[in-house]
Amino acid sequence: MKKTGIILSILGFSFCFGQSAVLYNLNNNRLLSNSVNKIGVGESADNDNYEGSPFLEKEFLPSMIKGESGTFLLRYNIYNDEIILKNDDKYYKIPKEEADYFKINNKYVVRLISGKYYIDSSSDKNNYVIVRKENITFTPGKVAENTYDQARAPKFSRTKPDYFLFDMAKKVITPLKKDEIKALFPSKSEELDQNFKKNKFKNIDDFNSLLGIIAG
């Protein structure tokens with residue numbers, strides 16, 4: 001179903017966002033707001049008539065935006081790759097050119113890298129951090145065509161994320177694959193071989209173990 005978007009008129013709307021480019025965008029109608037646009041797949045999704053979720057966390061959570069003072073209610077739409085801000089009953093899409101670092105609920109660090117959002121999977125060390133790109137697929141719903149047919153609700157399915165090494169100083173992102181990482185750090189080839197062989201890469205400790213070699 002075609003995505004829809006409504007540009008809200010918010011002239012005279014008072015919002016404590018600091019004297020920044022983000023406030024400038026608010027006053028110039030550059031932040032989009034629409035309940036369907038938050039999900040991006042049609043009215044059925046807007047009514048929660050779907051399985052799974054397109055969001056990192058369904059609820060809007062207290063969050064920090066780099067360069068802005070205060071706490072904001074944010075939600076990351078993985079499917080649309082958008083961060084939505086909620087204020088009262090209005091929703092605003094954060095322009096990707098305005099903010100590149102978010103801490104959501106003091107639990108998730110979301111970074112804007114080359115126009116896409118990634119989530120920290122490790123601690124950061126010496127300007128390196130391991131990040132992941134979450135992936136979600138959408139399956140449209142199906143209406144039962146006869147008494148023998150079975151209806152199917154629209155469904156969001158989270159698939160395996162992709163992992164990368166992010167060089168924060170050079171703003172370079174590299175797939176977290178053994179050969180590519182070894183090519184970046186040839187002097188640590190043997191240690192990396194051993195780590196990739198035994199590492200399950202299932203939790204932050206696993207990723208920090210690899211990062212300890214890379215950034216040590």
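Each reported figure results from applying straightforward, stated rules to the coordinates on display, with no laboratory input. Bear in mind that the values here come from a model prediction, so they are computed numbers and not experimental data. Reconstructed Cβ throughout: ideal geometry from the backbone, glycine too, with neighbour counts over all protein chains shown.
Sequence-ordered 3J(HN,Hα) estimates for the stretch 53-65 from the Karplus curve with 6.51, -1.76 and 1.60 and θ = phi - 60° stand at 8, x, 9, 4, 9, 5, 7, 6, 10, x, 9, 10, 10 Hz, glycine and proline given as x.
Rank by packing, highest mean first: peptides 104-117, 197-210, with packing defined as the count of other Cβ atoms within 10 Å averaged across residues.
Taking the mean over residues of other Cβ atoms within 10 Å, the ranking is 104-117, 197-210.
Peptide packing for 73-82, 124-133 was compared via the average number of neighbouring C-beta atoms within 10 Å per residue; ordered from the highest value, the list is 73-82, 124-133. Extents of the stretch 68-213, largest first, come to 64, 47, 23 Å (Cα atoms, principal axes, whole angstrom).
Taking 16 Å as the straight-line reach from the Cα of Lys90, the lysines in range (excluding those fewer than 8 positions away in the same chain) are Lys38. Look at the dipole of the stretch 64-152 built from charges on Cβ: of Pro95, Gly70, Leu85, the Cα furthest out on the positive end belongs to Gly70.
Note on the stretch 130-216: lysine pairs with Cα distance below 17 Å, sequence gap of 8 or more or different chains, count 22.
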